[in-house]
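To start, the structure itself, in structure tokens.
The values are calculated or read from the model by the stated rules, or taken from the named source; none is laboratory data. Please read these numbers as outputs of a predicted model, since none were measured by experiment. All Cβ positions, glycine included, derive from the backbone under ideal geometry; neighbour counts span all protein chains shown.
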Amino acid sequence: MSKAIYEEIGNTAEELSQVLSSFTQDQFNIVPFEGSWTAGQVAEHIFKFVSGTLQNVTGDVKPTERNPEEYAGQLKEMFLNFNVKMTSPDFILPTDAPKNKEALLYSLEKSMKGLEESARTLDLSLTCTTFDMPFMGPLTRIEWLTFVNAHALRHIHQLKNIKKAL
């Protein structure tokens with residue numbers, strides 16, 4: 001179970017780093033079209049989600065009383081459906097302030113490495129008790145890692161569209 005998600009997170013982290021690195025510092029803070037975030041805002045949003053998820057999966061846990069991967073497929077399917085527009089919870093919304101590309105990229109890469117390490121070394125069948133997913137309740141480590149990976153893939157798709165528009 002952990003090897004597959006470890007590899008998925010590693011591949012996603014690499015692709016995310018490549019896509020973000022393709023933006024110049026100036027492009028990083030340009031709104032490409034009405035209603036869009038900048039690449040920097042997308043990166044900040046991903047960082048907030050990744051770092052929060054890292055705290056969650058390394059935080060308090062308890063034994064799981066259901067299939068540890070029960071919601072993994074549903075979360076993956078939901079977040080990889082690019083035809084559905086989603087709204088982010090306020091606590092992971094990006095700010096309007098200009099972003100420093102290199103600093104944000106460094107922080108994001110560090111957090112993604114933390115997720116990779118967690119996927120490789122922790123018991124992924126345990127349920128995280130720090131934060132409940134709205135409408136689903138507590139998720140297991142494998143479900144959180146699947147979710148954060150699909151979320152990052154969704155935003156890689158968004159970043160590629162921003163890059164094309166610039």
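Things to note:
- Of the residues 132, 90, 96, the single one that is over 22 Å from residue 40 (Cβ atoms), surrounded by fewer than 15 Cβ atoms within 10 Å (Cβ to Cβ) and more than 15 Å from the chain's Cα centre (by Cα) is 132.
- For first residues located in region 45-59 and assigned to a loop (DSSP other than H, G, I, E, B), partners that are modelled with pLDDT of 95 or more and buried (at least 20 other Cβ atoms within 10 Å of the Cβ) and lie 6+ apart or on another chain with Cβ distances below 7 Å form the pairs 58/118; 59/128.
- Cross-chain or 6+ apart pairs with Cβ under 8 Å, region 22-44 first and without any contact (Cβ under 8 Å) to a residue 12 or more places away in the chain, then outside any helix (DSSP H, G or I) and surrounded by 16 or more Cβ atoms within 10 Å (Cβ to Cβ): 31/37; 31/38
- Residue 76 surrounded by 15 or more Cβ atoms within 10 Å (Cβ to Cβ) and over 14 Å from the mean Cα position of the chain (by Cα): no
- Comparison of 42, 61, 19 shows that the only residue that is at pLDDT 95 or above, surrounded by 14 or more Cβ atoms within 10 Å (Cβ to Cβ) and either of a type outside the set (A, V, I, L, M, F, W, C) or over 17 Å from residue 106 (Cβ atoms) (or both) is 61.
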